[in-house]
Amino acid sequence: MMFFASSFILLVLFSGTTSNKHTRVGERILTRHPQLIFQSTPDDVVLPSGHALRLECSAYSAPTGSIQWTFEGVVISGSDKTNRTENEFNKEALVSESMSVLSELHIDCPQSGRYTCSATNSFDTITAQATVRIEGHHRHCHPTKGPKISQYSDMRLELNGNTASVWCDSSNQDVSWSWSTRSDGEITTDDHYLVKDNELIIKNVSWNDTKSYFCQASNSYGSVTRETSLNVISLNKNIIV
């Protein structure tokens, strides 16, 4: 089951949620009640033996969250990390910290069984399961060595003047990262941007920072790119300007 991410987040924004200054996340103050809702969940799959498996899961989270996958209770991909570098810059600030996080599970040689997507933030954890059945005579699978992006911040919302981050995670350990935009090309660290491998921190965000940002993971076998986006919003009920 899947929803269009940007439309879903806009629906949440315009649903009349009021400011909630009593909800603290560490040393930050959320401008809305915490939320964690699935936008898409993985479907049950029947695969011929020897075929690769791809499952997708996404969630809207406030404050920011992450997704982790398990197979029969054992962690196989993703992370439960919710603390990002931007938190160090937004101490005692009113923050939106709203986002859509999307996770892609890639398994070259899958097994039959239950695969669970767990979305988490500082306040809650939700789970969704998919059953995978492998059919037919055993066939040799061919593992790929190119990089795979396992999850990323599909859409990020933050208040004007705060620090915000967009990020991508890879299931491959040995990859190099780069960030770019359509208008400016490759991004390097300066007074406005801080590039920390798979995380791009944008300081003192303004309306000019509302755009798409592209993360690229590379190794000697190839590269893969995903598009993330940042929307800068006003404090007045978190309405996009």
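The values are calculated or read from the model by the stated rules, or taken from the named source; none is laboratory data. None of these values were measured; they are calculated from a predicted model. Backbone-built Cβ (ideal geometry, glycine too); neighbour counts: all protein chains shown.
Just give me the residues in the range 151-164 being surrounded by fewer than 24 Cβ atoms within 10 Å (Cβ to Cβ) and polar (S, T, N, Q), in sequence order. Across the range 151-164, the qualifying residues are ASN160, ASN162, THR163. Set side by side, the residues THR144, THR127, THR131 differ, and just one is β-branched (Val, Ile, Thr) and not in a strand (DSSP E or B), which is THR144. Evaluating VAL46 against the criteria (1) touching a residue at least 60 places away in the same chain (Cβ under 8 Å); (2) touching a Gly at 6+ places or on another chain (Cβ under 9 Å); (3) over 24 Å from ASN198 (Cβ atoms); (4) among the hydrophobic types (A, V, I, L, M, F, W, C) leaves one unmet condition, (2).
Does the range 148-162 hold any residues that are under 17 Å from the mean Cα position of the chain (by Cα) and either outside any strand (DSSP E or B) or under 14 Å from ARG226 (Cβ atoms) (or both), and which are they? Lay out the reasoning, then the answer.
Step one: list which residues in the range 148-162 are under 17 Å from the mean Cα position of the chain (by Cα), which gives 148-158.
Those that are under 17 Å from the mean Cα position of the chain (by Cα) and either outside any strand (DSSP E or B) or under 14 Å from ARG226 (Cβ atoms) (or both): LYS148, ILE149, SER150, GLN151, TYR152, SER153, ASP154, MET155, ARG156.
Could you identify the single residue in VAL195, VAL205, VAL166, VAL132 that is closer than 30 Å to PRO48 by Cβ and at pLDDT 95 or above? Only one candidate qualifies: VAL132.
Among the residues of the range 125-140, is any within 16 Å of the chain's Cα centre (by Cα) and either under 17 Å from THR64 (Cβ atoms) or surrounded by 21 or more Cβ atoms within 10 Å (Cβ to Cβ) (or both)? Before you say what the answer is, go through the steps one by one.
Of the residues in the range 125-140, the ones within 16 Å of the chain's Cα centre (by Cα) are 125-127.
Adding the requirement that they be either under 17 Å from THR64 (Cβ atoms) or surrounded by 21 or more Cβ atoms within 10 Å (Cβ to Cβ) (or both) leaves 125-126.
Looking through the range 125-140, at least one residue is within 16 Å of the chain's Cα centre (by Cα) and either under 17 Å from THR64 (Cβ atoms) or surrounded by 21 or more Cβ atoms within 10 Å (Cβ to Cβ) (or both).
Could you tell me which numbered condition SER103 fails, if it satisfies all but one of (1) of a type outside the set (Lys, Arg); (2) within 30 Å of ASN160 (Cβ to Cβ); (3) modelled with pLDDT under 95? All conditions pass for SER103, except number (3). Any idea which residue in the range 74-100 is modelled with the lowest pLDDT, counting only those that are closer than 21 Å to PRO147 by Cα and not in a loop (DSSP other than H, G, I, E, B)? Checking each candidate, the answer is GLY78.
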